[in-house]
Amino acid sequence: MTRVRDRTEDFKDAVRNTAVSLGYNESKLAAILASFIIHKPRQHLPFTKAALTTLESIGTLEQFIIKHRKDYVDPHRTTEQERDSIEHEVMAFIKACKEQIDLLKNSINDEDANTKGWLGIRGDNSNTDTVAHKHGVVLILSEKLHSVTAQFDQLRAIRFQDAINKRMPRRKPNRVANSSSADSSKMNNSELGDTNEIQSEPLRVQQQLLDDETRALQVELSSLLDAAQQTETKMVEMSALNHLMSTHVLQQAQQIELLYEQAVEATKNVELGNKELSQAIQRNSSSRTFLLLFLFVLTFSILFLDWYS
């Protein structure tokens, strides 16, 4: 069994001698020798840095939602203004993450457009794989952001449902109050009618007109209150539907991204098929030339043998 010898010092001596012969001073030589021990950190590409920044932003958003979940859902812990402030901050986070993802998509599209030739065909297969990898990174980031926004959608749905439940039971007490006020007004009118029998006729007519105006105002105010409550409920429902629509738009964007990935892969397969067809045409032409040459040589050989005999 042969003994293994450590040649590290010999390698360092060779590097030192080569550096001295090239005119390196002691500081540069020390830096070269230190690079063997402490490796420099790998420099990330701008796309990778932007993708990591976007991932950190999405993680920060998820931690923020988890931290303020109870404050947002429980109406006894915070006020409406505080919950609106939490929702505003979350929407600002989501908008910033979407903008970062859009910037990544635009950078990929620009790079893809710059690498195409004048016929729209890519010349380098490795670059095609890099573009497909970047599209996959963007798709993963979009799915991560969608999962985080889905968690916040659930919290918003709970809040909207609580708001609707608070608004709906208010109508019955209002109507009961209106009916009780109407009954009291009737009782007052009857009492006034009894007293007005004793009073003069002009006072009775004036009191009757005031009672009619009071009833009309009560009916109008009750109808306006019901209309305002219905409008508020519809606005809450419209806000929930609007957010659900934005969520579906994000899902469609992810599906379009997936379709684009499939289109890129199909284009790559078509390019490979064209190469295979060109190689098959070349092989066919070479085989045809060989066959013609073989037939010519065979014919010449037969004629030569016939002449020789």
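The values are calculated or read from the model by the stated rules, or taken from the named source; none is laboratory data. None of these values were measured; they are calculated from a predicted model. Don't worry about glycine lacking a Cβ; one is built from the backbone with ideal geometry, like all the others, and counts go over all protein chains shown. Just so you know, the surface numbers come from the protein's heavy atoms only, side chains and all, with ligands and any DNA or RNA stripped out. Shrake-Rupley method; radii C 1.70, N 1.55, O 1.52, S 1.80 Å.
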Return a yes/no flag: does the range 46-57 have any residue that is under 30 Å from A163 (Cβ atoms), at pLDDT 80 or above and open to solvent by less than 80 Å² (accessible area, probe 1.4 Å). yes
In the range 121-133, which residue that is over 21 Å from the mean Cα position of the chain (by Cα) and open to solvent by 40 Å² or more (accessible area, probe 1.4 Å) is modelled with the highest pLDDT? T130
What is the one condition in (1) open to solvent by 80 Å² or more (accessible area, probe 1.4 Å); (2) modelled with pLDDT under 85 that I302 does not satisfy? (2)
Quick one: would you say L155 is under 41 Å from the mean Cα position of the chain (by Cα), in a helix (DSSP H, G or I), among the hydrophobic types (A, V, I, L, M, F, W, C) and modelled with pLDDT of 80 or more? yes
Contact list please: Cβ distance under 9 Å, first residue in the range 244-261 and in a helix (DSSP H, G or I), second residue open to solvent by 70 Å² or more (accessible area, probe 1.4 Å), pairs at least six apart or on different chains. L250/K98; Q254/E143
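Residues checked against (1) open to solvent by 60 Å² or more (accessible area, probe 1.4 Å); (2) assigned to a helix (DSSP H, G or I); (3) among the acidic types (D, E):
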| residue | (1), (2), (3) |
| --- | --- |
| K70 | yes, yes, no |
| S85 | no, yes, no |
| M91 | yes, yes, no |
| D102 | yes, yes, yes |
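Given the criterion of a type in the set (S, T, N, Q) and in contact with a helix residue (DSSP H, G or I) (Cβ under 8 Å, 6 or more places away or on another chain), identify the matching residue among T233, T299, T289.
Going through T233, T299, T289 in turn, the sole match is T233.
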